[in-house]
Amino acid sequence: MKLLAKFLLILFPCWMQGQIVVDGDLSEQEYRIIGVANSNNNFGPGDDLGLLKYHSDATTLYIGITCRLTSYNNVVLFFDDENYAGRGNAPLAGTTGWSNTGVFKSNGNNTVSCGTSGGLDGAIMDYECMDADYVFAFNEGGTTDNFFLDAMRLSQQSDPIGYFAGGFVGQTGNQTGIAVTVNTPFGPLNAITGTMIFAYRNDYDPIINPMVGIEFSIPYASMPLISVRDHARFFVLLTNGDGLASNECIPGDLEASGNAGCDYNFSSLPGQTFCTFPDVILPLSYLSTAAKWNNGQALVQWTVAQDFEALQYSVERSANGINFYAIGTVAAQQLKDFASYSFTDNSPLRGKNFYRIKAIRRNGQPKYSQQAMLDNTAGSFYIYPNPARHEVTVYCPGLAKGTYPIAIRNSSGQVVYQAAIYHTTGTLKNTLLLPSSLPAGMYSVQLGSDRQLPAQRLIIE
C-alpha cells in the first residue's frame, strides 16, 4: 500500500465553461477521474462501485462516486491531506469510541456482524498510504426514499480521541438526485462555518447508466488544516451498516476471495497495491492574472497550472470590461506543472484598459482568466522628429509644475540616457541632444513616472 489516488490539491480559480451541479449526475466535463473500482464484489449485485471523480475551484472541493447501494450498506470516502497529522497507523476511533450515529456507531446500524466493537472504529489504515484525516459515509439507511450522510474529522494520532467532530448531517429526498444543503459537520467544535451539498441517484448501472451515483461539494474552509497546494489522497470502500469492509474499493485490490472484515488493518494485508493513478492531472487553471505599468507600457502577466493542456494564449483587451478584442498571442510552453507568461501592450488605450487571457486548449475549448485593469487617465506627451538622428524634442501641453525625470531606454530596457527637467507650468517643450554613441534602433522615452505619462517609442536612424 505505497500509493493510491494522489494529486496536487490547489486552491485556485478554475474558470470553467460550465458549472458543476450537485445532482447525482457526474457527467460534467469539469470532473477528472482519479480512481477506478476493482472487479471484486462480495456484497452481491445490488451494491457496486465504479469511478471516483474530482474537481476543485478556488473555494470548494467536488467529489463524485459512481455507485449503487442497498439496505444499510455504506460507501465510505477517506480523505488524507499531507499537512494534517491524522490517525496514521493508529485505530481510527482511538480509545474513547465513536460517535453515536450512523456507520460510526460502536455497535453499527443494522446487524452485529462486527460484534460490539463496530467495523470502522478499530480500523487501521497504512500510514504510508492513507493517513486518514476525514471520513464521509453515505447510505440509504435501509429505505427506498432517503439518503444519509455521516461524517467525521479525525484527531491527530497522538490524541487518544479518535474524532474531533461530526455525525449525521442530512438526507436527500427520493434518491433521485435531489440535492440537500446541510451545515458542515465539523463546525460545532471548531467554529467553522459553511455548508455541504450532496445528492444521490440510485439508478446506477455500469453499462446502461454509468455516470450517476453520489455527488457532494464541501468548502475547503470547512475542513481545518487543509491548505493550499497540499498533496492529498482519497480512498473509497464499500462496507455494511456495521462498517464491515467488503473486498471492493477505489482504487486498489483488496482480498479477491473474501471481505476485508471488521477492525481491519490494511497495513497488514498481503499483496496490497494501490497505484491506479499515482499522479492525477488537474485541468488547466489560472493561478494569477495581473497588469502593471512597465516603462510606460502595459505589462500583462499570468501564471497557469497544467500548462501542457494549452496550445497558445490570446491576450485580449477591452475599454469597458465587456467587449474584448485580441491584441496578441503567446505560444504555450506546454509544461507539466506551472508556467508563467507575460505580454507587453505597447499602445494602451486612453482611460481604462481591461485585460484577460484566453487559453486555446487541445480539445479546442477556450478557457478565460480573470480580468486585470490598468488606468491610463494621465496626460500624454509627444516626441519629434521621429525617426530622429541627433536630437529630439519633448512636447507636453498642460503639464503641471514640477521636476520630471526623463529616460531613454534601449530595446533591452537599459537606460542609455537620463536627465531631469524642471517645469514651471503650461506647455513643456524641451529639446534633447542625443548621444552620438547610440546605435540605430528602437528606443522608449519616458517622461515622469510610468503612471504619470506612458512612454513613447522612438526610432533612431
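The values are calculated or read from the model by the stated rules, or taken from the named source; none is laboratory data. Everything numeric in this text was worked out from a predicted model, so none of it was measured. For neighbour counting, all protein chains shown are included, and Cβ atoms are generated from backbone atoms with ideal geometry for every residue, glycine included. The accessibility values were calculated without ligands, DNA or RNA, using every heavy atom of the protein model including side chains. Shrake-Rupley method; radii C 1.70, N 1.55, O 1.52, S 1.80 Å.
Okay, here's what the table says:
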read-out	value
Long-range neighbours under 9 Å by Cβ, at least six apart or interchain, first residue part of a helix (DSSP H, G or I) within region 304-316, second open to solvent by less than 20 Å² (accessible area, probe 1.4 Å) and of a type in the set (D, E, K, R)	309/367
Residue within region 375-394 that is touching a Gly at 6+ places or on another chain (Cβ under 6 Å), assigned to a strand (DSSP E or B), open to solvent by 20 Å² or more (accessible area, probe 1.4 Å) and closer than 30 Å to residue 445 by Cβ present	no
Residue 439, sole failed condition from (1) loosely packed, with under 11 Cβ neighbours inside 10 Å; (2) touching a residue at least 60 places away in the same chain (Cβ under 8 Å); (3) not β-branched (Val, Ile, Thr)	(2)
Set 163, 127, 200: member being under 27 Å from residue 252 (Cβ atoms), at pLDDT below 80 and surrounded by 22 or more Cβ atoms within 10 Å (Cβ to Cβ)	163
Checklist (1) open to solvent by less than 30 Å² (accessible area, probe 1.4 Å); (2) over 30 Å from residue 457 (Cα atoms) applied to residue 314, failing item	(2)
Count of residues meeting criterion [touching a Leu at 6+ places or on another chain (Cβ under 9 Å), modelled with pLDDT of 80 or more and surrounded by 14 or more Cβ atoms within 10 Å (Cβ to Cβ)] in region 397-427	9
Inter-residue pairs, beta-carbon under 6 Å, first closer than 15 Å to residue 68 by Cα and small (Gly, Ala, Ser) and in region 203-227, second in a loop (DSSP other than H, G, I, E, B) and at pLDDT 90 or above, 6+ apart	213/204
Residue within region 290-312 that is aromatic (Phe, Trp, Tyr), at pLDDT below 85 and within 30 Å of residue 89 (Cα to Cα) present	no
Looking only at region 357-369, and only at residues there that are open to solvent by 40 Å² or more (accessible area, probe 1.4 Å) and at pLDDT 85 or above, the one that is nearest to the chain's Cα centre (by Cα)	368
Unmet requirement for residue 293, which otherwise passes all of (1) buried (at least 17 other Cβ atoms within 10 Å of the Cβ); (2) outside any strand (DSSP E or B); (3) not aliphatic (A, V, I, L, M)	(2)
Residue that is nearest to residue 47 (Cα to Cα) [pool: residues in region 63-84 that are in contact with a Leu (Cβ under 7 Å, 6 or more places away or on another chain), polar (S, T, N, Q) and surrounded by 24 or more Cβ atoms within 10 Å (Cβ to Cβ)]	73
Any chance residue 339 is exposed (fewer than 14 other Cβ atoms within 10 Å of the Cβ) and either assigned to a strand (DSSP E or B) or of a type outside the set (A, V, I, L, M, F, W, C) (or both)	no
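Residues checked against (1) over 10 Å from residue 154 (Cα atoms); (2) modelled with pLDDT of 80 or more:
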site	(1), (2)
71	yes, yes
76	yes, yes
83	yes, no
91	yes, yes
94	no, no
98	yes, no
102	yes, no
108	yes, no
